[in-house]
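Reviewing the structure listed below.
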Amino acid sequence: MSDDLAFSCRRCGHCCQGEGGIMLAPEDIERLCLHLGLSREDFLAEAAMAAGGKIRLKSRPDGYCVYFVAGHGCGVHEARPDICRAWPFFRGNLIDAISWEMAQDFCPGINGSVPHAEFVRQGLDYLRARGICRTSGPLVPGREGQDKVRDANTPEALVMERTGEPPATPMLHGTSRHED
Ligand code: SF4
């Protein structure tokens, strides 16, 4: 890992395993269907389940996401859900250095020698570059309803877009491959 890189995926799969399943936004489903060449109905039947009022990716009996491939990583990397793209730059880890420290025990890809402030800076850049975060600041005039163009951009205001608020340290919500 580069000394100054706050995160570099090790493809360990830790964040692709756990309880609950990855929550899917409509855009995630659309992207995955396109990537897999499946109709929405076939995709939902094959890989998704309803839980807690949300649509989630199924997990296998070994606890891993249905798309996790041992020794390789995410089998749908290019089309992976936004929550997977966002790890480890979740709100909790951005606003709370303790959560960030705890996340390091879980995720070997987080570079603990990089200060938390730098983790936040790189994380926000990463999320914004991919359009997977929003802030709670005032909307840019004439762009109401488009969360990606809100003015304020403080970490405190940042929440995940569309997919809701994941926990600071995931059980499953992440990805084994974040590099694009
Ligand atoms: S990155 Fe997300 S979609 Fe891909 S295998 Fe991991 S949990 Fe599943």
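None of the figures in this text is laboratory data; all of them are computed from the coordinates on show. Model, not experiment: these values are computed from the prediction.
Under 5 Å between amide hydrogens, built in the peptide plane, is the criterion, and for GLY75 it picks out PHE68, VAL69 among residues at least 5 positions away or on other chains.
What the phi angles of region 63-68 give under the Karplus curve with 6.51, -1.76 and 1.60, with θ = phi - 60°, is a coupling list of x, 7, 3, 4, 9, 6 Hz, glycine and proline written as x. Couplings 3J(HN,Hα) of region 120-132, computed from phi: 4, 4, 5, x, 5, 4, 4, 5, 5, 4, 9, x, 10 Hz, in residue order, whole Hz [Karplus 6.51 cos²θ - 1.76 cosθ + 1.60, θ = phi - 60°; x for Gly and Pro]. Amide hydrogen proximity for ALA48: with H placed 1.01 Å from N in the peptide plane, the residues at 5 or more positions away or on another chain lying under 5 Å are LYS58.
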